[in-house]
Amino acid sequence: MQVPLLDLVPQYKALKSEFMKVMEEVCDSQRFILGDKVVEFEKAAAAYCQTPDSIGVTSGSDALIIALMEANIGA
């Protein structure tokens, strides 16, 4: 049995111009780390998750490592 992959094309097409605008702003500013857009994203993510804080990271692996560190799991 084949499980179909999630088709994100319709969502991407609907938001593409907004994504590209923000990507262009970030690339033009060269503020990839701790820039205004990162701070804006972290605040929006925290509000969406109804939590006081959030941390933007570079990968899912980094997110898992930080979560494990916060829970004092592992070395």
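Side notes on the structure shown:
Residue-wise test of (1) modelled with pLDDT of 95 or more; (2) under 30 Å from residue 70 (Cα atoms).
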residue: 2; (1), (2): no, no
residue: 6; (1), (2): no, no
residue: 15; (1), (2): yes, no
residue: 26; (1), (2): no, yes
residue: 33; (1), (2): no, yes
residue: 50; (1), (2): yes, yes
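- Helices (runs of 4 or more DSSP H) wholly inside the stretch 9-75 containing at least 2 residues that are loosely packed, with under 11 Cβ neighbours inside 10 Å and of a type in the set (Lys, Arg): 9-29
The values are calculated or read from the model by the stated rules, or taken from the named source; none is laboratory data. Because the structure is predicted, anything quoted here is derived from the model rather than measured. With ideal geometry, Cβ positions are generated from the backbone for all residues, glycine too; neighbour counts draw on all protein chains shown.
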